[in-house]
Ligand SMILES: O=c1ccn([C@@H]2O[C@H](COP(=O)(O)O)[C@@H](O)[C@H]2O)c(=O)[nH]1
């Protein structure tokens with residue numbers, strides 16, 4: 001199998017740069033005329049898969065919305081993963097894991113080993129137990145050609161108080177994360193390939209008013225959530241990423257999902273948004 005970075009590069013070239021979040025919010029289930037229970041969850045999530053997975057490059061189920069229904073919710077998530085991949089989409093599971101190394105290894109085995117029931121193409125992780133604590137994710141991803149997206153500059157307004165903070169060595173937290181990703185992606189870069197280790201950078205962020213702008217080019221992909229319902233636009237992506245926008249996977253959940261249960265409307269929205277994103281160059 002080719003590396004995650006190469007698979008993602010090819011998928012974005014073939015299917016476009018929109019990642020569709022499959023987030024079964026209670027309010028969305030109600031809006032679709034479904035009950036907020038496991039049957040409603042299953043109907044909602046699998047309808048979205050049927051609508052978008054044949055056309056989107058990547059789908060991003062948010063684990064929390066499945067976990068809230070316990071083991072039966074996780075069983076639905078397993079079907080979402082399997083059926084999305086069968087339809088040709090890459091699956092990025094948004095789980096934001098991160099722990100001491102030995103526990104991170106168990107998370108890595110759960111999500112990045114294809115033999116696991118919840119094995120996916122890539123996951124999101126949190127770096128706030130230290131960058132070294134991410135090694136099990138990195139090593140396991142390398143072993144199985146999977147990908148890892150590390151939170152760097154998140155889309156929520158509370159992010160900068162931690163992510164812009166300056167450490168004792170004078171380096172900002174987000175710079176440290178981005179530098180670490182540059183190191184992880186260096187080998188792929190030397191082969192002319194997109195790396196498998198991505199940054200999460202919200203489509204809503206502002207570069208700091210004081211101090212240097214964050215260097216968002218890491219040789220890997222960027223996941224840009226906050227596009228759509230949180231206010232991020234194509235112009236924001238242009239403003240934030242400039243010339244490196246071609247490696248940016250813009251992620252939208254509620255804006256697409258709110259068009260359901262009309263499957264055609266969801267699919268058309270994915271196609272139309274991909275056309276807009278292609279114009280970024
Ligand atoms: O910085 C981040 C990281 C992750 N998310 C996740 O993305 C989606 C956004 O959903 P929308 O409905 O498109 O707002 C959701 O799953 C978040 O947990 C993020 O928003 N920001």
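The values are calculated or read from the model by the stated rules, or taken from the named source; none is laboratory data. Since the model is a prediction, treat every value here as computed from it, not as a measurement. Ideal geometry is used to build each Cβ from the backbone, glycine not excepted, and the neighbour counts take in all protein chains shown.
Only one of (1) within 14 Å of the ligand (Cβ to nearest atom); (2) in a helix (DSSP H, G or I); (3) buried (at least 24 other Cβ atoms within 10 Å of the Cβ) fails for residue 137. Which number is that?
Only one criterion is unmet by residue 137, namely (1).
Is it the case that some residue within region 96-106 is buried (at least 20 other Cβ atoms within 10 Å of the Cβ), at negative phi and either assigned to a loop (DSSP other than H, G, I, E, B) or within 16 Å of the ligand (Cβ to nearest atom) (or both)?
yes
Yes or no, residue by residue, for (1) assigned to a helix (DSSP H, G or I); (2) surrounded by fewer than 20 Cβ atoms within 10 Å (Cβ to Cβ):
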position	(1), (2)
5	yes, no
30	yes, yes
33	no, yes
59	no, no
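Looking only at region 249-272, how many residues end up being outside any strand (DSSP E or B) and touching a helix residue (DSSP H, G or I) at 6+ places or on another chain (Cβ under 8 Å)?
Residues that pass the stated criteria total 14.
What pairs come up if the first residue lies in region 140-162 and is more than 29 Å from residue 2 (Cβ to Cβ) and at pLDDT 95 or above, the second is near the ligand (Cβ under 9 Å from one of its atoms) and in a strand (DSSP E or B), and their beta carbons are under 6 Å apart, counting only those six or more places apart or on different chains?
Note: pairs meeting the criteria are 155/225.
Residues in region 164-171: is at least one touching a residue at least 24 places away in the same chain (Cβ under 8 Å), within 16 Å of the ligand (Cβ to nearest atom) and farther than 15 Å from residue 222 by Cα?
Yes.
For region 160-209, what are the residues that are over 17 Å from the mean Cα position of the chain (by Cα), in a loop (DSSP other than H, G, I, E, B) and within 21 Å of residue 130 (Cβ to Cβ)?
164, 165, 167, 168, 169, 170, 171
Does region 217-240 hold any residues that are part of a helix (DSSP H, G or I), within 15 Å of the ligand (Cβ to nearest atom) and closer than 12 Å to residue 205 by Cβ, and which are they?
Scanning region 217-240 gives 236, 237, 240.
Output the qualifying pairs, or none if there are none: Cβ atoms under 6 angstrom, residues six or more apart or on different chains, first residue in region 252-277 and closer than 18 Å to residue 12 by Cα, second residue at pLDDT below 95 and within 16 Å of the ligand (Cβ to nearest atom).
Pairs that qualify, where the first residue is closer than 18 Å to residue 12 by Cα and the partner is at pLDDT below 95 and within 16 Å of the ligand (Cβ to nearest atom): there are none.
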